[in-house]
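Presented below is the structure to which this report refers.
Rule-based calculations on the coordinates, nothing more; no lab input. Since the structure is predicted, the reported quantities are computational estimates derived from the model, not experimental observations. Cβ sites come from the backbone with ideal geometry, for glycine too, and all protein chains shown count toward neighbours.
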Amino acid sequence: MMPSYELPGPKSAEYIAMSEKYESPGTTRQVPLVWESAQGVHVKDVDGNEYIDWTSGVLVANVGHCHPYHVKAIQEAAAKLLNCYDFPTPGRVTLAKRLVEITPENLDKAFLLSTGSEATEAAMRIAKRYTGKHEILSFFGGFHGRTWGAMSMAGSPGTKGGWGPLMPGTIYGPFPYCYRCPFKKEPETCGMFCIEYLDTVLKTQSIGDVAALIIEPYQGGAGFIFPPRGYLPALQRWAKEHDILFILDEVQSSFGRTGKLFMLEHENLSPNFLCLGKGLASGVPTAALMAEARIMDILSSGDLSSTTGGNPLSCAAVHAVLDIMEKEDLPGNAARVGAYIKERLTNVMHDVEVLGDVRGLGMVIGLEFVNDKASKEPAPDITWEFLSRMCSNGVIVGRVGMYGNIVRVAPPLVMTMEEAEESCDIAEKVLRSL
Ligand SMILES: Cc1ncc(COP(=O)(O)O)c(C=O)c1O
């Protein structure tokens, strides 16, 4: 039976009013409900309503909410040692070793941090110091965090609008958003013109001082946009040919999300830097920057650090995440269950005029809402209606995208086939009722 909640419930309404009075309005807002607790893929709000989570608390709870093994590791670490900044700990050094062992062979040093923005910011700074150059190339629609440098590399006004002037040396190229190709070409026949066009970008925007490019393997904030197969290896080759370091921002796409531990595994990429966060510690604020030793070793003691980066609690959380990923084969589960969800939603798309596109890999699927399939005009109001009805009917979803018309389907990777079926039944009913 599909639940039917009136949102916000009375307690949620009280907390939302308090939030509006006392909290910065700068944080993002979705459907009005206030979370109280969560277990696995199930969330309870403060009014006692129960939901299936299609957000993973924004792509963080990859091992599921409050996984008992994860919680135990965090509790034990908290009782032992919380922070010691200037000194290594066994948890930190063994984690660095473990991360080096599971990432591509060329990445032989790890730098532990607290947020994804710090990881992308650090990658750009190290690239600048190593090359002695100052320009960074990023991509239309890209998102790399909210600190100044990271924000400057955003490819949408929603992230950087009103915060100028931006970091000097920012240049932008087109991302292969094939559903809305900026060149109005078709992926089957374009010959990846957007790679070729990067030469024009350099000729027109650069002063010949590009240190690095930074790219998400799929764009998260822009709306779960996946480049066609072959694009990322071609970009890596292009970067090498132009003597530009390649920073792959896997803050969102890693730790099983796309059906492999890292998305780079799908096409055997070997970037010079790899930025990790979100699912890395599955809820404890933790990030990591992986880099080649020849590059990372440009730093000297005290050059770049963070008070809580690599603290024992975070390291214990990451070790536990990696144990769980291995023991429960969560990347494999994400591939299997994600494929089922994508197929169900794709089948519905053929009958629903306002659902223009369903795309994704593993447990990261984007639903793009449009007024009609021919015009592809973005439909943020219909998107909002879908979100609201989904939440009222017991499935929490969020939306992203430059036009606010893309729903992100990103459940915790522990979702079972039965839970996927139950939530897809609800989504199908809601989609057909729009
Ligand atoms: C691809 C990507 N990079 C960087 C970040 C920034 O991470 P944080 O919010 O932890 O600073 C995000 C966050 O959504 C992200 O999706």
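Quick one: if you stick a label point 7 Å off each Cα along the C-beta vector at Thr94 and Glu50, how many nm between them? With each label point 7 Å from Cα toward Cβ, the separation is 3.7 nm. Annotation: extensible slack from Glu105 through Ser4 equals 31.3 nm (criterion: 0.36 nm per residue apart, minus Cα-Cα distance). Highest mean packing first, where packing is the average number of other Cβ atoms within 10 Å per residue, the peptides 383-395, 403-415 line up as 403-415, 383-395. Quick check for you: which residues of region 298-337 have the amide N under 12 Å from the point 7 Å beyond the Cα of Thr147 toward its beta carbon? The answer is 304-309, whose backbone nitrogens lie closer than 12 Å to the label point. Straight-distance candidates among the aspartates and glutamates for linking to Lys133, with alpha-carbon spacing under 19 Å and chain neighbours fewer than 8 residues away dropped: Glu121, Asp199, Asp209, Glu241, Asp243, Glu292, Asp297, Asp303. The slack between Arg129 and Ser270, meaning 0.36 nm per residue of separation minus the straight C-alpha distance, is 48.7 nm. Over the chain, DSSP H runs of length four or greater, each weighted -39,500 (n - 2.57), average out per residue to a 222 nm ellipticity of -11500 deg cm²/dmol.
Give the shape of the chain as rounded, prolate or oblate, defined through the alpha-carbon gyration tensor: a ≥ b ≥ c are the square roots of its eigenvalues, a/c under 1.5 means rounded, and otherwise the shape is prolate if a/b is larger than b/c and oblate if not. Here the chain falls in the oblate category.
Would you mind telling me the antiparallel percentage of the DSSP bridges in the chain, rounded to 5?
Details: 32 of 48 bridges.
DSSP beta bridges in the chain are roughly 65 percent antiparallel.
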